[in-house]
1. Quick one: helix B:54-63 against the long Cα principal axis of chain B, what's the angle to the nearest 10°, folded into 0 to 90?
2. Counting DSSP beta bridges in chain A, what percent are antiparallel, to the nearest 5?
3. Could you work out the helix-only [θ] at 222 nm for the protein assembly as shown, with each DSSP H run of four or more residues adding -39,500 (n - 2.57) and the total divided by the number of residues, to the nearest 500 deg cm²/dmol?
4. Once phi is turned into θ = phi - 60°, what whole-Hz ³J(HN,Hα) does the Karplus curve with 6.51, -1.76 and 1.60 give for every residue of the stretch B:213-230, x standing for Gly and Pro?
5. Any chance you could check the Cα centroid distance between the stretch B:86-151 and the stretch A:41-83 for me, in angstrom?
6. Rank by packing, highest mean first: peptides A:216-225, B:135-144, B:299-308, with packing defined as the count of other Cβ atoms within 10 Å averaged across residues.
7. What is the antiparallel percent of DSSP beta bridges lying wholly in chain B, to the nearest 5?
8. Please compute the modelled spin-label separation between B:Gln53 and A:Leu260, points set 7 Å along Cα→Cβ, answer in nm with one decimal.
Amino acid sequence: MFARLRRLLPAPISPELRAKLRGAAKLSSAGFDTYGLHPETLERVLRWTRWLYYSYFRVEVEGLENVPAGRVMLVPNHGGQLPLDGMLVGLAMALEADPPRFVRGMVERWFPSLPFVSTLFVRCGQVVGDPENCKNLLERDEAIMVFPEGVRGSGKTWWHRYELQEFGTGFVRLAIATQSPIVPVAVIGAEETYPSIYDAKWLARLLGIPYVPVTPFWPLLGPLGALPLPVPVAIKFGEPITFSGDADAPDLDVQEKVDLVKRRIEALIERGLDERPWLRALDPVARWGQ
Amino acid sequence: MSVLVTGVSGALAGIVTRSLVEQGLEVAGLDVRPLPMGRAFAGEFYRVRHYTQRRVAEVFRRHKPRILIHLGRIRGTAVRSLTQRYNQNVLGTRHLLSLAAKHGVSRVVVLSTFHVYGAHQHNHLMIREDAPLRASQIFPELTDAVELDHAATTFLWRHRSVGTVVLRPAHVIGPNLNNLMSRLLRSGTCPSLMGYDPIMQFIHQDDMARAIVLAATAKSPNFGVFNVAGEGVASYTHAVRLAGGRTVPVPHVLAYPIVGALARWRLIFPQHLMDYFRYPCVIDDSEFRKAYGFTPQLSTVEALRSVGQSEGIPR
């Protein structure tokens with residue numbers, strides 16, 4: 001009976017992928033890379049997240065060939081309360097790119113204080129979003145992923161879905177300083193996984209976390225309501241942008257470049273939404289909510 | 001040429017002095033502890049009560065050392081009172097350094113620790129030598145370590161005629177060492193904070209001794225402050241497993257109050273080092289590798305295995 005149950009579970013990842021993943025990392029004798037990535041753990045995580053990627057969110061990827069080899073900075077839109085968008089972009093690069101790439105997501109600074117998940121995140125190659133970390137990783141020719149919107153993006157309510165929030169300028173400065181191409185990325189669908197209709201700011205302040213979403217299902221339905229909705233997700237990688245110039249230019253000059261990245265992401269989002277008329281059809285509802 | 005080594009009763013200093021003697025150097029030793037039983041010391045050994053004692057100056061006058069290797073930092077786990085530790089580590093170090101300047105020492109090597117950077121959730125990885133020393137702000141118990149480091153770096157800039165090297169090593173482990181990490185790894189049962197498993201760096205005692213000797217005797221030295229680490233990183237629980245032990249996870253909400261309550265008597269675990277088992281404090285040792293052409297001989301796995309298999313025999 002157990003054998004039959006086991007067959008229902010997601011299968012472990014293939015030996016070929018395993019070998020490719022191991023080959024793509026620079027590991028210490030103990031099996032860790034300098035930033036805490038541990039492919040052994042990642043492989044076990046992939047077994048489950050791959051199922052999420054292919055079967056639950058049915059991710060469609062476009063423009064993966066736009067991601068250049070070597071150092072690169074992925075800049076996606078951010079939404080949907082939990083960083084599922086980041087996870088799916090990372091999975092796209094690990095599962096569909098050849099050779100697979102480890103994407104280093106930049107996580108919030110308060111994150112390492114959380115037990116269990118923070119450890120798991122580090123094992124999967126995520127690092128604290130410190131400019132120093134970004135710079136060092138880019139100089140090692142790695143792929144990093146930054147969300148310039150930060151919690152402003154992920155914590156926004158469903159009514160403001162796909163509206164890019166204010167971007168920081170730090171990522172462009174870093175890209176100039178390290179001569180790294182920026183790849184704008186649009187993630188369509190992840191913003192609907194947790195359609196937050198209200199942000200309980202007072203509770204968030206009380207708990208010391210950035211936001212507490214309330215969705216039509218959570219906390220109303222309890223743990224069941226905490227599951228993400230199985231929205232089909234599309235990820236679009238745009239053409240890389242390489243900036244030159246002075247990394248220490250005044251904010252006004254850098255802002256132009258930031259706005260260019262923002263417009264490229266917006267254009268990708270528009271295209272993605274055009275392909276999903278049923279998401280577009282919800283626009284009047286969202287406008288009403290605003 | 002004569003070398004003065006402090007903290008010479010320690011196991012690491014033992015390896016260092018043996019290597020110096022092999023190179024044909026004359027060694028004098030200084031410590032507040034007696035020499036361990038059964039260890040022969042190839043040189044003159046002086047036991048003092050404090051490094052601030054007047055007798056220490058006499059050692060400088062008599063031996064006229066050209067090189068001072070200061071390994072005599074006492075650890076937080078070794079001494080009961082904070083004041084004692086402060087006097088020994090900070091005042092003692094300052095005294096030794098001023099004597100070095102006065103008596104024409106041409107090269108000084110000071111052993112600091114990576115603990116001075118502090119373990120903090122905001123830490124970036126690969127901390128370089130110019131990073132702020134946060135430890136004293138986070139853990140007042142580490143003030144003495146940070147001030148020792150400051151005393152050494154200030155000396156480095158103020159006395160340019162003396163070549164000073166300050167080494168900040170990661171966890172130095174070895175079968176003969178008696179520091180917290182080596183003892184933990186040898187014990188076989190290591191407490192850990194449930195849900196936290198920071199990555200750590202380990203350097204084997206022999207590699208560390210080599211690094212110290214290199215800094216003290218290199219023909220074309222590069223003076224400055226350097227991080228020293230081993231081959232790579234490993235998470236704490238993996239390290240324990242590689243050393244043949246197992247971890248006993250304790251929820252941090254319980255561990256901190258328990259250790260805090262028992263900290264007065266220094267039972268269980270040093271309270272100020274707990275955060276190093278919660279947040280990473282990973283250092284970038286590329287400067288030292290570049291400056292001295294140093295490469296650790298033992299991999300992280302080999303270093304951990306060598307500690308785990310040992311009984312902890314003093315040598």
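Where a number appears in this text, it was derived from the coordinates with a stated rule and is not lab data. Source: prediction; values computed, not measured. Here Cβ is always computed from backbone atoms with ideal geometry, including for glycine, and neighbour counts include all displayed protein chains.
1. 60
2. 30
3. After summing the helix terms and dividing by the residues of the protein assembly as shown, the value is -10500 deg cm²/dmol.
4. Karplus-based 3J(HN,Hα) across the stretch B:213-230 equals 4, 4, 5, 7, 10, 4, 5, 10, x, 10, 8, x, 10, 9, 7, 10, 9, x Hz.
5. 44
6. Averaged packing, sorted descending, gives the order B:299-308, B:135-144, A:216-225.
7. The antiparallel proportion sits near 10 percent.
8. For A:Leu260 paired with B:Gln53, the spin-label model returns 7.0 nm.
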